[in-house]
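Quick notes on the structure that follows.
The values are calculated or read from the model by the stated rules, or taken from the named source; none is laboratory data. All values reported here derive from a predicted model rather than from experimental measurement. Cβ atoms come from the backbone with ideal geometry, glycine included; neighbour counts cover every protein chain shown. The protein model used for the area step is the full one, side chains on, heavy atoms only, and it has no ligands, DNA or RNA in it. Shrake-Rupley method; radii C 1.70, N 1.55, O 1.52, S 1.80 Å.
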Amino acid sequence: MTQQEIATVLDQAAVEAKATAQMAKNNNMQLTEAYDIQKTAIDLRLERGETIVGYKLGFTSKAKMEQMGVHDMIWGRLTSTMHIKEGDTVSLDRFIHPRVEPEIAFLVKKDIDKQITMEELSDYYEGLALALEIIDSRYENFKFSLEDVVADNCSSTGFVVGPWLPIHTNVSDLNIQLKFDGETKQEGNTNAILGNPLESAVEMTRLAIQNNITLKKGDIILAGAATAAEFLKPNTKVSATFETIGDIQFNIQ
Ligand code: OOG
Ligand code: MG
């Protein structure tokens, strides 16, 4: 299959909420090609009027790597239709086999076209927020190789971001609970994210430069989950509680 064909299959699978077979192995897909396919598939969304609103990191925590059997950090693109307002109710119909995970989000303050250091973080990032990410692999049984998941835009599907907080808000070493109707389903600590979620904000600037991407003022960056992801269930209030900061929630109908 050509890159365009693979991108089209993945895009259709997302549009129709219908799983597809993995394609990397049969097509001898390398990681750089997987990122090219990701871009080609996203271009199909942009042609339909979606816009890029940010980027996400994946597999920045051991819990996630172990859950998915994958060993490298990955990155993907967030588009306008993926945004879900905090407190909104979302139907499961538009998804294949969605999972949810707690995240920390960062807001880009001004265009970034260099790799920044931790010391420069507050010059380039305006704020941070609690977030929840919905991931929905387009592959059957939510199973994939590293190349497959990258081509599939890292399972990106939806995200909820809470109110922006000052960038110097402490997000290090905070316990997190992911809850369904108040019942804890997953637990973790923000330090699981690269030792400190702020590292994800720095790391994203490196990946952006490497891939000729300028992070734009207003872009949202998701740091990667600190816990394993949990399959969504109908008629559920989904929330995540972050020690000292508070919580964030949305509803599934
Ligand atoms: C890939 C996406 C991983 C994270 O936060 O680690 C990710 C997947 O698990 O389907 O979003
Ligand atoms: Mg994630």
Subject >> All positions within region 13-27 that are farther than 11 Å from Thr2 by Cα and of a type in the set (S, T, N, Q) >> reply: Thr20, Gln22, Asn26
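Are any residues in region 72-89 of a type outside the set (Val, Ile, Thr) and surrounded by 15 or more Cβ atoms within 10 Å (Cβ to Cβ), and if so, which ones? Show your work before the answer.
Of the residues in region 72-89, the ones of a type outside the set (Val, Ile, Thr) are 72-73, 75-78, 80, 82-83, 85-88.
Hits for region 72-89 are Met73, Trp75, Gly76, Arg77, Leu78, Met82, His83, Glu86.
If a residue has to be within 13 Å of ligand 2 (Cβ to nearest atom) and not in a strand (DSSP E or B) to count, how many in region 122-151 make the cut? Please lay out each step first, then the result.
Filtering region 122-151 for residues within 13 Å of ligand 2 (Cβ to nearest atom) gives 131-137, 149.
Of the ones still in play, those that are also not in a strand (DSSP E or B) are 136-137, 149.
Of the residues in region 122-151, 3 are within 13 Å of ligand 2 (Cβ to nearest atom) and not in a strand (DSSP E or B).
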Original post:
Within region 168-191, can one find any residue that is within 16 Å of ligand 1 (Cβ to nearest atom), in a helix (DSSP H, G or I) and either loosely packed, with under 14 Cβ neighbours inside 10 Å or modelled with pLDDT of 95 or more (or both)?
Top reply: yes
**OP:** Answer yes or no as to whether Gln253 is out of contact with any Lys or Arg (no Cβ under 9 Å at 6 or more places or on another chain) and modelled with pLDDT under 95.
**Re:** no
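Would you check which residues across region 92-117 are more than 12 Å from ligand 1 (Cβ to nearest atom), closer than 19 Å to Thr169 by Cβ and in contact with a Ser or Thr (Cβ under 7 Å, 6 or more places away or on another chain) and list them? If you could, list the steps in order and put the result at the bottom.
The initial filter retains those residues of region 92-117 that are more than 12 Å from ligand 1 (Cβ to nearest atom), namely 92-95, 106-117.
The next check asks that each one be closer than 19 Å to Thr169 by Cβ; those that pass are 106-109, 116.
The one that is more than 12 Å from ligand 1 (Cβ to nearest atom), closer than 19 Å to Thr169 by Cβ and in contact with a Ser or Thr (Cβ under 7 Å, 6 or more places away or on another chain): Ile116.
How about region 10-24: which of its residues are touching a strand residue (DSSP E or B) at 6+ places or on another chain (Cβ under 9 Å) and either under 15 Å from His97 (Cβ atoms) or surrounded by 19 or more Cβ atoms within 10 Å (Cβ to Cβ) (or both)?
Within region 10-24, the first condition is being touching a strand residue (DSSP E or B) at 6+ places or on another chain (Cβ under 9 Å), and the residues that meet it are 10, 12-14, 19-23.
Leu10, Ala13, Ala14, Ala19, Thr20, Ala21, Gln22, Met23, listed by residue number.
When you scan region 98-117, do you find a residue that is outside any loop (DSSP other than H, G, I, E, B) and open to solvent by 50 Å² or more (accessible area, probe 1.4 Å), even just one? Write out each step before concluding.
Of the residues in region 98-117, the ones outside any loop (DSSP other than H, G, I, E, B) are 99-108, 112.
Those still in the list that are open to solvent by 50 Å² or more (accessible area, probe 1.4 Å) too: none.
Looking for residues that are outside any loop (DSSP other than H, G, I, E, B) and open to solvent by 50 Å² or more (accessible area, probe 1.4 Å), one finds none in region 98-117, hence no.
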Original post:
Quick check: is even one residue across region 57-77 under 15 Å from the mean Cα position of the chain (by Cα) and more than 14 Å from ligand 1 (Cβ to nearest atom)?
Top reply: no
Subject >> Odd one out for Ser156 among (1) closer than 21 Å to Ala208 by Cβ; (2) touching a residue at least 60 places away in the same chain (Cβ under 8 Å); (3) open to solvent by 10 Å² or more (accessible area, probe 1.4 Å) >> reply: (3)
Original post:
within 13 Å of ligand 1 (Cβ to nearest atom), open to solvent by 40 Å² or more (accessible area, probe 1.4 Å) and within 24 Å of Ile52 (Cβ to Cβ), is that true of Glu120?
Top reply: no
Subject >> Count of region 214-235 residues which are of a type in the set (S, T, N, Q) and either within 12 Å of ligand 2 (Cβ to nearest atom) or buried (at least 19 other Cβ atoms within 10 Å of the Cβ) (or both) >> reply: 1
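Scan region 197-213 and give yes if some residue there is surrounded by fewer than 16 Cβ atoms within 10 Å (Cβ to Cβ), under 23 Å from Gly54 (Cα atoms) and in contact with a helix residue (DSSP H, G or I) (Cβ under 9 Å, 6 or more places away or on another chain), otherwise no.
Taking region 197-213 first, the residues surrounded by fewer than 16 Cβ atoms within 10 Å (Cβ to Cβ) are 206, 210-212.
Among the residues that remain, those that are also under 23 Å from Gly54 (Cα atoms) are: 206, 210-212.
Filter once more, so that each one left must be in contact with a helix residue (DSSP H, G or I) (Cβ under 9 Å, 6 or more places away or on another chain): 211.
There is at least one residue in region 197-213 that is surrounded by fewer than 16 Cβ atoms within 10 Å (Cβ to Cβ), under 23 Å from Gly54 (Cα atoms) and in contact with a helix residue (DSSP H, G or I) (Cβ under 9 Å, 6 or more places away or on another chain).
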Original post:
Residue check: is Glu5 assigned to a helix (DSSP H, G or I), modelled with pLDDT under 95 and either more than 18 Å from the chain's Cα centre (by Cα) or not polar (S, T, N, Q) (or both)?
Top reply: no
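Of these, Lys62, Lys109, which one is closer than 30 Å to Asp123 by Cα and modelled with pLDDT under 95?
Working: Lys109 fails: modelled with pLDDT under 95.
Just a single option satisfies the conditions, and that option is Lys62.
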